[in-house]
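First comes the structure, then the notes that go with it.
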Amino acid sequence: MGAEPLPGRVVALQANYCLVGLDASSELGVDGRLLCTRRSRLDKSGLQVCVGDRVTVASVDWRARRASVVGLEPRHNLLPRPAVANVSRVVVVVALAEPGLDPLQLTRFLITAEATGQPVQVVLSKADLLPAAAVEAWCRRLEGWGYATLAVSTRTGAGLAALRCQLGKPGIAVLCGPSGVGKSSLLNALAPALELRVAAVSGRLRRGRHTTRHVELFALAPGALVADSPGFNTPALPTDPQTLAAAFPELLARLRSSPCRFANCRHQGDPGCAMGDGWDRHGIFCRCLEEVEALAAARSRAGQGRQGEGGMRQRGDRLEPLLDPQLRRSSRSTRRQALEAALPTLDADLSSPDRED
Ligand SMILES: Nc1nc2c(ncn2[C@@H]2O[C@H](COP(=O)(O)OP(=O)(O)OP(=O)(O)O)[C@@H](O)[C@H]2O)c(=O)[nH]1
Ligand SMILES: [Mg+2]
Ligand SMILES: [Zn+2]
């Protein structure tokens, strides 16, 4: 049994345990991954450990590869879903086909990613399924939204060298996106030794089958960690309507160069709005704003407690992620009814993974 606490990073969560990769594993000459008990609450604030967290472990039993997490370093940032702390880059992966690219869904992923304050990029997968001109058109369109965009294919190898370059940078990159777009396949293509499970899409809409079940960090290069994550269909929007505009880079860029006539402009065709009417994501922005405002109104009607930004909630002086806001809300029937009344299309992807709606 070791006595000195050892520093490391949480690489996966498993039931009541977490896997911790030790910083000094190579020097110690052992497989540095230890299965650690995670006390449900590390301190009185209620903060729980999350993949990506820097921790210290003690009571190491090297033979059984077990230990206990005894300390948690403050986080630099947090991606609420998939839950990953201390993110350096978020890579939103959507397929060009099978399943088809839905700009509203992609936007919801991008909004969640922007909440980290870190660089966000888009990977368009399955480029082999569309003609080159169509692939090129999607790339230009997303660049118009303000995102560095890379088209890739594990079938032809297109874009894989560039992706390897981007994911090989130091820090934690998170691959997130809908199920079946090929996130795990991409990691297998870059590092075949990972042997991650992948599965064919199914049904009329060629949706994924929720093959990856947990977030896990892998080392692609020294110091470069990448998180594979379970796909899901409908990322939550921020709770505060005021924060939505900040998640649209093309809107921010325009406002910086020529602000709207009125400071409280809602960019919905208001007089003097700098966005005019040639804005590609105008309709998407309006739909998101409507939903965020409806949820905010329902929440205030239901008398919910104080809320923070971007799927976070305030606990004491800390922000805690709302990992599954829909599930959490559903535990309070009155609140759920108010929310459902406000938003009939409330996220359904948590109830039935294979649903085709
Ligand atoms: N045509 C084509 N199919 C691909 C490509 N990459 C992956 N696929 C297929 O897409 C399907 C889904 O791939 P996965 O890697 O399991 O997708 P995922 O994003 O990890 O899905 P979840 O784990 O459910 O979130 C598999 O049948 C892959 O073989 C590609 O570049 N082109
Ligand atoms: Mg997967
Ligand atoms: Zn405006």
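The values are calculated or read from the model by the stated rules, or taken from the named source; none is laboratory data. All of these numbers come straight from a predicted model, not from anything done at the bench. Cβ coordinates were reconstructed from backbone atoms using ideal geometry, including for glycine residues, and neighbour counts include every protein chain displayed. Areas reflect the complete protein model, heavy atoms only, side chains present, ligands, DNA and RNA absent. Shrake-Rupley method; radii C 1.70, N 1.55, O 1.52, S 1.80 Å.
A few comments on the model shown:
- For the residues Arg301, Arg9, Arg287, a 1.4 Å probe over the protein chains yields an accessible-area ranking, largest first, of Arg301, Arg287, Arg9.
- Within-13-Å neighbourhood charge of Gln268 [Cβ basis; K, R +1; D, E -1]: -1
- Each residue, Phe262 and Ala64, gets one label point 7 Å from its Cα in the Cβ direction; the gap between the two is 6.6 nm.
- For chymotrypsin sites (Phe, Trp or Tyr not before Pro), the sites in the stretch 202-285 that DSSP calls loop and that have at most 16 other Cβ atoms within 10 Å are Phe262.
- Glu4 versus Ala253: modelled label distance in nm, points set 7 Å from Cα along the beta carbon direction: 5.0 nm
- Förster radius 41 Å - calculated FRET efficiency between Gln242 and Tyr17, Cβ distance, rounded to 0.05: 0.55
- Peptides 181-187, 270-276 ordered by average Cβ neighbours within 10 Å, highest first: 181-187, 270-276
- Part-to-part distance (alpha-carbon centres) for the stretch 194-237 and the stretch 104-174, which is given in Å: 15 Å
- Available extension along the chain between Arg155 and Arg209 is 17.5 nm, counting 0.36 nm per residue and deducting the alpha carbon span.
- Descending by average beta-carbon neighbour count within 10 Å, the peptides 120-129, 102-111 line up as 120-129, 102-111, the highest first.
- Two-decimal log10 I(q)/I(0) for the stretch 67-192, as the Debye equation yields it once each C-alpha is a single scatterer, q = 0.14, 0.19 Å⁻¹: -0.60, -1.05
- Taking every DSSP beta bridge that has both ends in the stretch 66-181, the antiparallel portion is near 10%.
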